[in-house]
Amino acid sequence: MPAITRMKIQEKSIEVRRTARYCVNEVHVPPASVIYVIHGYAQLARNFIRDLEFLDDGKTLIVAPEGLSRSYFREKVGASWMTKEDRSNEIHDYVNYLEDLNRSISEKFETRSAEHNVLGFSQGVHTAVRWFINSSQRFNRLLLCSSDFPKDTDFDRLRKKLDHSELYLIHGTGDNIVHMKVLENNMIMLDENNIPFRTIHFDGKHEINSEAVLSALKENPSG
């Protein structure tokens, strides 16, 4: 009987082309402002964009990208942005995807002179932060709703980006998924890294709050 030997395995990667889905509202071209809204875990772009319908004023382009990974969640299909498996490549892929999408949106909707904002919700907060830091786009505001803050953030790069932008932490006082203690820890971490930010609390749970978001968007950005 031949000796049993263990197979030697090499793990490698290749880049491939794939189709990514996103949703937008109808808007007059060119729009006065663009806001990218990054959904949370197990959501779909077409459903999430409806949570931001209060931004649909005829002059704001709402862009809802959908995460590249879909699966069944409690018998319904949802999307997510990443897992811990092959993490660095997943981050690399979705940052490139969002950069490509932004270039496409700029051409299709003539947004070069528009105000640009990013909103992340729940799992989408981590995606929004990483894209904001690595993007060639100059954003006016970064709105982070109902999530912890990515601890592996390049805080030096974030600080430079915020020379011309405003960072908002938006959180419901009754959030039963991401508790207020998480927000407090976020604030401590940002303070320790000399990151300027503003906080907006609202009386609600793990959700998008229209009054809180509109309040942040009405403030004059520094850039």
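The values are calculated or read from the model by the stated rules, or taken from the named source; none is laboratory data. The structure presented is a predicted model; accordingly, all values stated were derived computationally and were not measured. Don't worry about glycine lacking a Cβ; one is built from the backbone with ideal geometry, like all the others, and counts go over all protein chains shown.
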Quick test of your reading of the structure: Glu184 fulfils all but one of (1) of a type in the set (Asp, Glu); (2) closer than 29 Å to Gly78 by Cα; (3) assigned to a helix (DSSP H, G or I). Name the failing condition by number. (2)
Taking only pairs six or more apart or across chains, which ones have beta-carbon atoms under 6 Å, a first residue in the stretch 163-179 that is of a type in the set (Asp, Glu), and a second residue that is surrounded by 14 or more Cβ atoms within 10 Å (Cβ to Cβ)? Glu166/Arg141; Glu166/Pro221; Asp175/Ser146; Asp175/Lys205; Asp175/His206
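Examine the stretch 9-23 for a residue that is without any contact (Cβ under 8 Å) to a residue 60 or more places away in the chain and either in contact with a Lys or Arg (Cβ under 7 Å, 6 or more places away or on another chain) or surrounded by 12 or more Cβ atoms within 10 Å (Cβ to Cβ) (or both), and state whether such a residue exists. Steps first, answer last, please.
Step one: filter the stretch 9-23 for residues without any contact (Cβ under 8 Å) to a residue 60 or more places away in the chain, giving 9-12, 14-19, 21, 23.
Those left that are additionally either in contact with a Lys or Arg (Cβ under 7 Å, 6 or more places away or on another chain) or surrounded by 12 or more Cβ atoms within 10 Å (Cβ to Cβ) (or both): 21, 23.
Within the stretch 9-23, one or more residues are without any contact (Cβ under 8 Å) to a residue 60 or more places away in the chain and either in contact with a Lys or Arg (Cβ under 7 Å, 6 or more places away or on another chain) or surrounded by 12 or more Cβ atoms within 10 Å (Cβ to Cβ) (or both).
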The residue from Ile188, Ile170, Ile105 that alone is of a type in the set (Val, Ile, Thr), more than 24 Å from Leu55 (Cα to Cα) and modelled with pLDDT of 95 or more is Ile188
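Results for (1) modelled with pLDDT of 95 or more; (2) in contact with a His (Cβ under 6 Å, 6 or more places away or on another chain); (3) farther than 13 Å from Val95 by Cβ, shown as yes or no for each residue.
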site	(1), (2), (3)
Arg130	yes, no, no
Ser135	yes, no, no
Phe139	yes, yes, yes
Ser147	yes, no, yes
Leu162	yes, no, yes
Glu166	yes, no, yes
Yes/no for Val95 being touching a Ser or Thr at 6+ places or on another chain (Cβ under 9 Å), surrounded by 12 or more Cβ atoms within 10 Å (Cβ to Cβ), β-branched (Val, Ile, Thr) and under 24 Å from Ile170 (Cβ atoms): yes
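Considering only the stretch 42-69, state which residues are part of a loop (DSSP other than H, G, I, E, B) and of a type outside the set (A, V, I, L, M).
Kept after step one, since they are part of a loop (DSSP other than H, G, I, E, B), are these residues of the stretch 42-69: 42, 44, 52, 56-59, 66-68.
Asp56, Asp57, Gly58, Lys59, Glu66, Gly67 - these are the residues of the stretch 42-69 that are part of a loop (DSSP other than H, G, I, E, B) and of a type outside the set (A, V, I, L, M).
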Looking at the stretch 183-212, which of the residues that are surrounded by fewer than 16 Cβ atoms within 10 Å (Cβ to Cβ) and touching an Asp or Glu at 6+ places or on another chain (Cβ under 7 Å) is farthest from Val129 (Cα to Cα)? Lys205
When the stretch 156-184 is examined, which residues are found to be more than 13 Å from Asp203 (Cβ to Cβ) and acidic (Asp, Glu)? Asp156, Asp163, Glu166, Glu184
Kindly indicate the residue of the stretch 70-109 that is outside any helix (DSSP H, G or I) and aliphatic (A, V, I, L, M) and also farthest from the chain's Cα centre (by Cα) among those meeting that condition. Val77
